[in-house]
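A.B. asks: Sending over a structure as structure tokens; questions will come in a sec.
The values are calculated or read from the model by the stated rules, or taken from the named source; none is laboratory data. Quick caveat: nothing in here was measured; it's all calculated off a predicted structure. Ideal geometry is used to build each Cβ from the backbone, glycine not excepted, and the neighbour counts take in all protein chains shown. When the accessible area is computed, the model is the full protein with side chains, heavy atoms only, and any ligands, DNA or RNA have been set aside. Shrake-Rupley method; radii C 1.70, N 1.55, O 1.52, S 1.80 Å.
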Amino acid sequence: MTEPVRYSENPVELPIDSWLYVTDEVAGCGVCTALAREVNGALKEGRHRSAFDASQEIRNHPAHGNPLASTAHMKAAT
């Protein structure tokens, strides 16, 4: 009979989809520029959730003409 493994195995690391961090900044928009810097800084530091949140905020920025952007704050409140 074999002995059971009494320690955890190495974690499985899955690749992160790069499209999650793709941003379409509007040229000349200060908010987009600041958020793009935040995305890049967070990725360099390994803070993937912060990078995703900032890139999502760029995509939902009202100045981009996104029709869902005006309701983004309502989703965050729920």
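A.B. asks: Output the number of residues of region 16-30 satisfying the condition of being in contact with a His (Cβ under 8 Å, 6 or more places away or on another chain) and either open to solvent by 70 Å² or more (accessible area, probe 1.4 Å) or among the basic types (Lys, Arg) (or both).
C.D. replies: 2
A.B. asks: Right, next: Within region 14-37, can you find the residues that are within 15 Å of residue 48 (Cβ to Cβ) and assigned to a loop (DSSP other than H, G, I, E, B)?
C.D. replies: Taking region 14-37 and keeping what is within 15 Å of residue 48 (Cβ to Cβ), we get 14-23.
Residues satisfying the conditions are 14, 15, 16, 17, 22, 23.
A.B. asks: So, one more: Quick check on my filter: what residues within region 38-58 are outside any helix (DSSP H, G or I) and loosely packed, with under 14 Cβ neighbours inside 10 Å? Break it down stepwise before answering.
C.D. replies: Of all residues in region 38-58, those outside any helix (DSSP H, G or I) come to 46-47.
Hit for region 38-58 is 46, nothing else.
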